[in-house]
Structures are given as structure tokens and as C-alpha cells.
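Reading through the C-alpha cells given below for one structure.
Nothing in this text is a laboratory measurement; each read-out follows from the coordinates by a stated rule. Owing to the predicted nature of the structure, the values given are computational and were not obtained by experimental measurement. Neighbour counts are summed over all protein chains in view; Cβ atoms, including those assigned to glycine, are modelled from backbone coordinates with ideal geometry.
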Amino acid sequence: MVVAARKGRAMASLLPSSPTATTAQPGFLGGWLSRIPLPKWALIVVAVAVAILLLLFLICIIRCCCGKKKPKKKERVSLCAVSGSTTASLVQPEMEDLEQGMEQTGRGKLQYSLEYNFHAQELKVGVKQAAELKAMDTRGTSDPYVIVYLTSDTKKKYETKVYRKTLNPIFNESFTFQVPQVEVPESTLVMQIYNFNRFTKHDIIGEVRLPLASVSLQHVIEQWSDLAAASKVEEEQLGEICFSLRYVPSTSKLTVLILEAKKLKRMDSHGLSDPFVKVHLILNRRKWKKKTTSVKKNTLSPYFNEIFVFDVPFNQIQNVDVVISVWDHDKVTKNEPIGKLFLGCRATGNQLRHWSDMLSNPRRPLAQWHSLQPPDVVDKALGLKSHLKLPLS
């Protein structure tokens, strides 16, 4: 019996202990959690909330590092790294489009007619009426009248009568322009409506610009057009001239070949000109040498093909300006300049490029077309030194 009891106790010690009989020692995490005076469900809620916050924080970091945030409309754009014309092209067009859209609203509209006589080569412009004009006076009305002209001849302008205190004037006036058929596609008809003011400058209400190349003049045209904001500067077309340059350093010869001109400004009452060309050499801002072509009668597209040779030492070629000017010859009155341009190291644009090409290609004639510029603009750019004049006693 004793032996049996001992064997039973030995077998019992080898079997696993019952959970109710013994308690396991708690770990570090379990001991730390047992010290928090919160129920188990509260701890679980806190743990889930912390996990969610960590996840959101991680997503924000990823979006800030990898994503690109689009700038808002009201945010300022930093242009420190952008300068010059690039800055204007980035910012200004949007503002100009906005202002232009605001200016072109509420100016009114104009009814007009066009008729071209191919036999007489005359353009008849009828100014019919205007409607819903913008009020320019404090009393809510305007005193409108219309100015009509062609861009090919800005000196010849017609005006309608002034109509008092109305925003819907009826003009019913017509004007005739002498326009050769070949020049019709190059002309633009301009009709500007002004508000008459007896004591101050007349304010422009709006204008209609119609390129004649965009309309068919095979039949009479009558239509309405909305008034647009008037152009700030009327660019007068003076014409173009073609000539070639050649310089030979070994012989110090500068050759200027005047070839032809086209689309010259009308200077005579009959709509033509008597053009000729002057070639001036300016040395150190003083007039040095001059050559003149023959006069071509009654034409706006003269052909010269006249050559001039100047002696210019190589050590002076950098200080020389070549001035090309087109003039209208008049037997009775003084000759009038049509337009000018100059070439040299002080020139800009196409003139400087033409001059640089000539110096880079010695002994080779280089021809190019150039647009004429207003004489006073060229003279100011040249800054010629005047000779000393003695005062008259």
C-alpha cells in the first residue's frame, strides 16, 4: 500500500498542472497594463485611436513629399527667378485679356455699307447708323460723330455730322476713297465713333476695324458690327526698301546697292509719290558722305538698281553708320522724307543683323528687305552732332 501510494504521487507530479491550481507569472507588458487604472475595453479604444492617428500622419507625410499642390487663384506667384519679357508673358496676358474683355462690353454697334467700283477703282463707304452707344456725358447721353479713313492713307479722313444727346444716331452719310484694286487687300477700313465736347478733348467711344482682304467686294455689303476698344497707337505704314551691302577690307570699299522699294506712303494729292533714295555715311555721329539715286515718277513701288561705292578704312568701319532714307521729290515745294533706317554697330534688330552679316562675310554682297521708320525716330536714335552755328547779329 505504501509503495502504491508513492507511485501514485510520482505519476501525479509528472502530469501538467491544472489552470485552477496554479497562476502564471505576468510579463513586462502585462504588468505595465495592470497598473493603468482603466478597464480593458478603454485600453483597446485608446490603442485603436493612436494607430489611426499614426496612419493619418504617415499619409500626410507621403502626400507632402510626393504630391504637387496646385496653387490657388488668390495665392501670389513668386517671380524672383523669372525676369525680363518672360515675366510679362507669364503674368500680363491674363490681365490684358481681362481688361480688353471689360473694355469691349457696352460700347454699342455700328451699321455701315461697302461698295467697290472696279472700273473707277473707288471704294464707297456708307455710315448708316449706330445703336446702344456708351453714354459719355454725365446726363447719360452722348454727342456722337464718326471718323472714317483707310490705314493705307491716314492723312485722308472723313467726318460725319455731330448728333446731339443721343445713343442711337442715324447718320446716312457716304464717303469715297480712291483705292487701286491691287492695294485693296493691303488696306484696313477704320470707323471710329467719338463723343463731341466743346471745351475738352473729344473722347472716343469705340471703333470698327475691317481688313478689306477679309471681305468680298464683288457685291454691296451692308452689316452691323460691335464697337471695340480703340487702338492706342495707329501704326502708319511707310513702306519697305530692299538693298544689298558688301565690304572688302583689303580695298576698304563699302558697296551699297539700292534695288527697289514697295508699299511706300502716298505723298501726293493723286495718291502716288515721286520717290528717290539718299545714302548717308555717318562717322562718329557726324555726316560724312552722301549719294543720291534718280527720281522715279508717280509710283509707290520704284525700281532703282543703282550702286554706290564708298571708301571706308577698316579701322573706321566700326564707327560708321549707313543711313538709308526715301524721299518724295517735289518741284514746287521742299522735298519731304517718307521714311528712314540706319545700319551699323549701334543699330538694332534686322538692321544690326544685316550689318553683322556683312562684316562676317567680306567680299560677299548680302541683300535684305527693311521696313522704313519715321524720320524723327531715326534721327533721335542717331543723335547726330550739329555743327557750330554762329549767332546772327
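Observations on the model:
- Less than 5 angstrom separates the built amide H of S152 from those of T188, all sequence-distant by 5 or more or on a different chain.
- Considered as an equivalent ellipsoid built on the Cα gyration tensor, the range 125-264 has semi-axes of 42, 19, 11 Å, the largest given first.
- In the range 240-382, the alpha-carbon atoms span a convex hull of 101 Å³ per residue.
- Modelled label positions at L54 and T299, each set 7 Å beyond Cα in the direction of Cβ, lie 9.3 nm from each other.
- Packing here is the average count of other Cβ atoms within 10 Å per residue, and on that basis the peptides 220-231, 240-251, highest first, run 240-251, 220-231.
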